[in-house]
Amino acid sequence: MNDNKKQLFNGILVVVGAALLAYSLTVTGVSVYVQIVGLFILMIGAYRASKHWAKHKNDHLDE
């Protein structure tokens, strides 16, 4: 998978996790497990994105 697709996937994970978390916090009667899953997906996306950024932080120096 190329870098653009990886970054897109990481962004989608962050957005989906944030949406689940926001939904579970605004709507009453939602299971606490939805909050946990939303937070988990959000953190996986943030971790993958930051790992990618750290790996490519000096790419601009090569140009």
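Coordinate-derived values only; no laboratory data. Only a predicted model underlies this, so the values are computations on that prediction, with no experimental measurement involved. Positions of Cβ are backbone-derived with ideal geometry, glycine not excepted, and every protein chain shown enters the neighbour counts.
Counting C-alpha atoms alone, how compact is segment 3-55: give Rg to one decimal and Dmax as a whole number, in angstrom.
12.4, 42
Taking only C-alpha pairs under 8 Å that are 6+ residues apart, what is the relative contact order of the chain in percent?
Numbers: 50 pairs, mean separation 23.9, N = 63.
Relative contact order of the chain: 38 percent.
Separation between the LYS55 and ASN4 pseudo-spin-labels, each 7 Å from Cα along Cα→Cβ, expressed in nm?
Reported label-point gap for LYS55 and ASN4 is 1.8 nm.
How far is helix 3-26 tilted off the main Cα axis of the chain, in degrees rounded to 10, range 0 to 90?
20
Projecting each Cα onto the charge dipole of the chain (Lys/Arg +1, Asp/Glu -1 at the beta carbon, about the Cα centre), which of ILE12, MET43, THR28 comes out farthest on the positive side?
Comparing the listed Cα positions along the dipole, THR28 ranks first.
Cut-off is 10 Å between beta-carbons; in what order do LEU13, LEU8 appear when sorted fewest neighbours first?
Going from least to most buried by this count: LEU8, LEU13.
Can you sort VAL27, VAL14, VAL34 so the residue with the fewest Cβ neighbours within 10 Å comes first?
Lowest count first: VAL27, VAL34, VAL14.
Using θ = phi - 60° and the Karplus form 6.51 cos²θ - 1.76 cosθ + 1.60, what ³J(HN,Hα) does each residue of segment 33-50 get, whole Hz, x for Gly and Pro?
5, 5, 4, 5, 5, x, 5, 4, 5, 4, 5, 5, x, 5, 5, 5, 5, 5
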